[in-house]
Amino acid sequence: MIKHNLSTPISNTFLQTLKVIKDNGKGMVFVTDSDDILMGVLTDGDIRSALLKGVELDSPIEPHINRTFVFAYHSEPFSEILKKADDRIKIIPLVDETMKLIDYVEFSNKVYFPVATPELSGNELKYLTDAFLSTWISSQGKYIEEFEKKFSAYCDAKYGVAVSNGTTALHLALLALGIGEGDEVIVPDLTFAATINTVLHANATPVIVDIEKISWCIDPIEIEKAITPRTKAIIPVHLYGQPCNMDAIMAIAKKHNLKVIEDAAEAHGAEYKGKKVGSIGDIGCFSFYGNKVITTGEGGMCVTNSSKLANKMKILRDHGMSKTKKYWHDVVGYNYRLTNLQAAIGLAQLERIEEIQMKRSLLEKKYKDGLKSIKLLEFQKSDFPDRKKITWLVSALVKEGKRNLVMNQLKKINVDSRPFFYPLSSMKLYKPYVFSNKVSKNISKQGLNLPTSIFIDDQVISTIKKSLEELQ
Ligand SMILES: *Cc1c(COP(=O)(O)O)cnc(C)c1O
């Protein structure tokens, strides 16, 4: 079955063929007979020269097609197919043993294996359509409550408050815990900027501390060193799916009477000593952005075991409006609501979260096994006794000074990769808040995320291996 518009019947005229080329935008067509057997190819250049020689537009293409062309068998390994591509040949037809056209591969400067792609193959469209047809497309409707109930249960937490994104989840958590001006909040140096930005949104003072070399997560020893009489909270970030050392963090929090907001935006379902992350601190914050483990397009959720905090967050999320007296406001609130449409997608994603995670962790295992011989790469640690990481983005450290080389090499085979976050301390904006940052600087410089999407298979990994072997 060919889903593309890249082929044209051999009985066609030049005019008909030109139309196909114009529609497919590829500058060429595969020419097939009535059984889909590949007979030749024709490029727009070939057509131009035929026309210049006086061939009529309505004459058949058959005598003019290229019958010697580059092709590959559908069953050939990707690395072999890749060898057939060059600067001139970028589209290679894939055929079966009878020369029947099955598919094609295209190599170009475009990236083929992006770092992340959402997986929407379950009930997403069905629930979304149902929400749409119900006309409850705004922030009321059955999917919101169901998504909150089921996602918080999945996280081993009693309450869920769905919000518009992971950033508003963090902000809402800080507000509900009463954190504001004059309060210090400890955050790790290596994280996505939303973690620190929300502390600033709350008018509190962030304090940036270093990470553990071994887990890349916030270092409890550094947390303790950074505590002052003004410290009110800690935001541990379960970075790239790895849980933080939560026993140590909770002990420090207890000793100094601090609140703990877990930033679990990258770690849905990860566990610390058998407990799901997000349910261990006072409030756990999740993101459902498109590249996260599960997605609602944009979206987020706060989970908590405290009914008081959950109610506070529900009021703040909805303009600060009283839940018993409509249009009555006792606090200055926000509009941080999620829509029923987004929650419908989220619910369908949640139904398959175990399956999605299994696929992701299997992929990580494939990378680790497949690239074992590549000594340039050291994959994220996954054998802590107390921590069960999940696979967000497959992450590795590249031998010092070699990261750009590796990224460029991957680009040649159309494999996207992404450097780790810059340490917050490296940006002028956040410099005034730095307490310690020695380890994070080095980890950030070496860190690389590899594509973690369903399109990566053994063959792609073997191509990656071959291309990185050249660098060793
Ligand atoms: C993605 C992310 C966020 C923010 O989530 P959004 O939904 O994009 O607002 C916060 N913290 C971390 C660690 C993240 O990775």
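The table that follows gives values for the structure above.
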item	result
Any pair with Cβ under 7 angstrom, 6 or more apart, that starts in the range 276-296 at a residue that is under 22 Å from Ile234 (Cα atoms) and ends at one that is within 12 Å of the ligand (Cβ to nearest atom) and among the aromatic types (Phe, Trp, Tyr)	Gly278/Phe286
Selection from the range 159-183 of residues that are out of contact with any Leu (no Cβ under 6 Å at 6 or more places or on another chain), closer than 11 Å to Cys302 by Cα and away from the ligand (no atom under 16 Å from the Cβ)	Tyr159
Residues located in the range 235-251, provided they are more than 11 Å from the ligand (Cβ to nearest atom) and open to solvent by less than 10 Å² (accessible area, probe 1.4 Å)	Gln242, Pro243, Cys244, Met246, Ile249
Conditions (1) touching a residue at least 12 places away in the same chain (Cβ under 8 Å); (2) out of contact with any Lys or Arg (no Cβ under 7 Å at 6 or more places or on another chain); (3) open to solvent by 10 Å² or more (accessible area, probe 1.4 Å); (4) assigned to a helix (DSSP H, G or I): number failed by Ser440	(3)
Check on Thr198, buried (at least 24 other Cβ atoms within 10 Å of the Cβ), part of a helix (DSSP H, G or I) and within 16 Å of the ligand (Cβ to nearest atom)	yes
Within the range 201-218, tally of residues that are in contact with a strand residue (DSSP E or B) (Cβ under 7 Å, 6 or more places away or on another chain) and open to solvent by 30 Å² or more (accessible area, probe 1.4 Å)	1
Condition check for Ser462: under 30 Å from Ser121 (Cβ atoms) and assigned to a helix (DSSP H, G or I)	yes
Count - residues of the range 283-299 that are outside any loop (DSSP other than H, G, I, E, B) and over 17 Å from Ile144 (Cα atoms)	2
Among residues of the range 52-67, those that are at negative phi and open to solvent by less than 60 Å² (accessible area, probe 1.4 Å), counted	5
Test set (1) within 16 Å of the ligand (Cβ to nearest atom); (2) surrounded by fewer than 20 Cβ atoms within 10 Å (Cβ to Cβ) - Ser287 fails condition number	(2)
Output for the range 269-284, where each listed residue is within 14 Å of the ligand (Cβ to nearest atom) and open to solvent by 10 Å² or more (accessible area, probe 1.4 Å)	none
Matching strands (runs of 3 or more DSSP E) fully within the range 68-178 where at least 3 residues are open to solvent by 30 Å² or more (accessible area, probe 1.4 Å)	101-106
Of the criteria (1) assigned to a loop (DSSP other than H, G, I, E, B); (2) crowded, with 23+ Cβ neighbours inside 10 Å, which one Ile186 fails	(1)
Test: residue in the range 256-268 that is farther than 19 Å from Phe421 by Cβ and within 16 Å of the ligand (Cβ to nearest atom)	yes
Selected residue [basic (Lys, Arg), in contact (Cβ under 8 Å) with a residue 12 or more places away in the chain and part of a loop (DSSP other than H, G, I, E, B)] from Lys225, Lys213	Lys213
Hey, His256 out of contact with any Gly (no Cβ under 7 Å at 6 or more places or on another chain), open to solvent by less than 10 Å² (accessible area, probe 1.4 Å) and modelled with pLDDT of 95 or more or not	no
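The values are calculated or read from the model by the stated rules, or taken from the named source; none is laboratory data. What you are looking at is a predicted structure, and each value in this text was computed from that prediction instead of being measured. Because the Cβ atoms are built from the backbone with ideal geometry, glycine has one as well, and the counts that use them run over all protein chains shown. All accessible areas refer to the heavy atoms of the entire protein, side chains included, with ligands and DNA or RNA removed. Shrake-Rupley method; radii C 1.70, N 1.55, O 1.52, S 1.80 Å.
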